[in-house]
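The values are calculated or read from the model by the stated rules, or taken from the named source; none is laboratory data. A quick note: this is a predicted structure, and the numbers were derived from the prediction, not measured. As a convention, Cβ positions derive from the backbone with ideal geometry for all residues, glycine included, and neighbour counts pool all protein chains shown.
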Amino acid sequence: MATRVTFYRPGKSFPAFSVTGEGCSLQCDHCRGRYLQGMRPALDPDELERAAARLSFEGGRGFLLSGGCDRRGRVPLGDFSGAVRRIRATTGLQVNVHPGLLDEEDAAAVISSGAEAFSVDVVQDPLTISGTLHLQASPRDYCRTMELLEPTGRLVPHVCVGLQSERGEEGTLETISAHSVRALIILGLMGARGTMYEHRSVPPERLVRAVGKAVATVPAPVLLGCMRPRGQWEVEVQAIEDGAAGVVNPSPRTVQWALDQGYRVENVPSCCALHL
């Protein structure tokens, strides 16, 4: 039987909503809140429910619920859990929640939303956490967040290659491998315009190595996510050859290569964190 590869194309059918608009207290060196500008604002639960109703009416598949972080690395989602429950009950939209770091109370609220996936950025390099991310936290705080979400069966860690040292990335993958995860998303550093990282991007060979390491280390589907440098179809092909289960927004050359190689290609208009 032919090997399957899934190509995810979220587009307008799976937008991202920010509960803080463009605001973020951390102002990480590689972002400075710029990525929030590409999200739709949903500043209170009522606004989110109205936006979700419109999305459902227009034929959308679901949405990412995220936003900027407070000084403790948390996205303030607690008040939105009820709205997410109602949205799922009345529209059938799928929801991927990006909560940031969590304690027991925060986790209980987020889990009660019933979202299909909980996406957690994982960093294990202390210098990156304190320096680049401006966060007073430790590697253990990321582990604790995963531990709190792990029992749901919907934990989807994300690793941004190039954000921390290669040693930190290896430690991050080893840490994730100790947890039961639904899938693992590999991203590539893309410094936002106007930041000190603007002209930095992860070398293609480093991204490829990280995918291979992830496939070998973590017993879960590994996916090449949406946040990564574009125009590198060779990286996408190599990722698939190394065992990646899917790629977000692949280049046409990658799609043609997969077809030529006899892969069973599936195109899905949603977020890769919902990979099955």
- Return yes when A210 is in contact with a Ser or Thr (Cβ under 8 Å, 6 or more places away or on another chain) and of a type outside the set (V, I, T) and no when it is not. no
- Mind listing whichever residues of region 238-260 are part of a helix (DSSP H, G or I), of a type outside the set (F, W, Y) and out of contact with any strand residue (DSSP E or B) (no Cβ under 9 Å at 6 or more places or on another chain)? Q238, E241, P252, R253, Q256, D260
- Query: Which numbered condition trips up D70, out of (1) surrounded by fewer than 19 Cβ atoms within 10 Å (Cβ to Cβ); (2) farther than 14 Å from H98 by Cα?
  - Reply: (2)
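Within region 159-174, which residues are surrounded by fewer than 20 Cβ atoms within 10 Å (Cβ to Cβ) and either assigned to a helix (DSSP H, G or I) or in contact (Cβ under 8 Å) with a residue 60 or more places away in the chain (or both)? Spell out how you get there, then give the answer.
Looking only at region 159-174, we keep the residues that are surrounded by fewer than 20 Cβ atoms within 10 Å (Cβ to Cβ), and these are 165-168, 170-171, 174.
Scanning region 159-174 gives E166, R167, G168, E170, G171, E174.
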- Item | Qualifying residues in region 178-201 (those that are within 17 Å of the chain's Cα centre (by Cα) and small (G, A, S)) - the one nearest to G225 (Cα to Cα) | G188
- Query: If the Cβ limit is 6 Å and pairs must be 6+ apart or interchain, which residue in region 132-144 that is among the hydrophobic types (A, V, I, L, M, F, W, C) pairs with which residue that is part of a loop (DSSP other than H, G, I, E, B)?
  - Reply: L133/C28; L135/G73; A137/G73
- Query: What about S119, is it within 18 Å of T20 (Cβ to Cβ), of a type in the set (S, T, Y) and within 15 Å of the chain's Cα centre (by Cα)?
  - Reply: yes
- Hits in region 70-80 - residues which are without any contact (Cβ under 8 Å) to a residue 60 or more places away in the chain and assigned to a loop (DSSP other than H, G, I, E, B): D70, V75, P76, L77
- Query: Is there any pair linking a residue in region 192-213 that is within 25 Å of L173 (Cβ to Cβ) and part of a loop (DSSP other than H, G, I, E, B) to one that is modelled with pLDDT under 85 and of a type outside the set (F, W, Y), with Cβ under 6 Å and at least six apart or on different chains, and which?
  - Reply: Y197/G191; R200/G191
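Name the one entry in V156, V110 that is surrounded by 23 or more Cβ atoms within 10 Å (Cβ to Cβ), in a strand (DSSP E or B) and touching a Phe, Trp or Tyr at 6+ places or on another chain (Cβ under 9 Å). Steps first, please.
Values: V110 fails: in a strand (DSSP E or B).
Residue meeting the stated conditions: V156.
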- Would it be correct to say that V97 is surrounded by 23 or more Cβ atoms within 10 Å (Cβ to Cβ), in contact with a Phe, Trp or Tyr (Cβ under 7 Å, 6 or more places away or on another chain) and either of a type in the set (F, W, Y) or within 19 Å of H158 (Cα to Cα) (or both)? yes
- If P221 satisfies every condition in (1) over 29 Å from Q37 (Cβ atoms); (2) in contact with a helix residue (DSSP H, G or I) (Cβ under 6 Å, 6 or more places away or on another chain); (3) of a type outside the set (A, V, I, L, M); (4) buried (at least 19 other Cβ atoms within 10 Å of the Cβ) but one, which is the exception? (2)
- Query: acidic (D, E) and either over 20 Å from the mean Cα position of the chain (by Cα) or part of a strand (DSSP E or B) (or both) - does that describe any residue in region 81-103?
  - Reply: no
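Can you find a residue in region 140-150 that is assigned to a strand (DSSP E or B), among the β-branched types (V, I, T) and within 15 Å of V120 (Cα to Cα)? Show your work before the answer.
Initially, region 140-150 is screened for residues assigned to a strand (DSSP E or B), giving none.
No: region 140-150 contains no residue that is assigned to a strand (DSSP E or B), among the β-branched types (V, I, T) and within 15 Å of V120 (Cα to Cα).
Restricting attention to region 198-218, and to residues there that are aliphatic (A, V, I, L, M) and in contact with a strand residue (DSSP E or B) (Cβ under 9 Å, 6 or more places away or on another chain), which single residue is surrounded by the most Cβ atoms within 10 Å (Cβ to Cβ)? Before you say what the answer is, go through the steps one by one.
Residues of region 198-218 aliphatic (A, V, I, L, M): 202, 207-208, 210-211, 214-216, 218.
Cutting the leftovers down to in contact with a strand residue (DSSP E or B) (Cβ under 9 Å, 6 or more places away or on another chain) gives us 202, 207, 210-211, 214-215, 218.
Details: V202: 20, L207: 25, A210: 26, V211: 26, A214: 28, V215: 20, V218: 22.
Going through the qualifying residues, I end up with A214.
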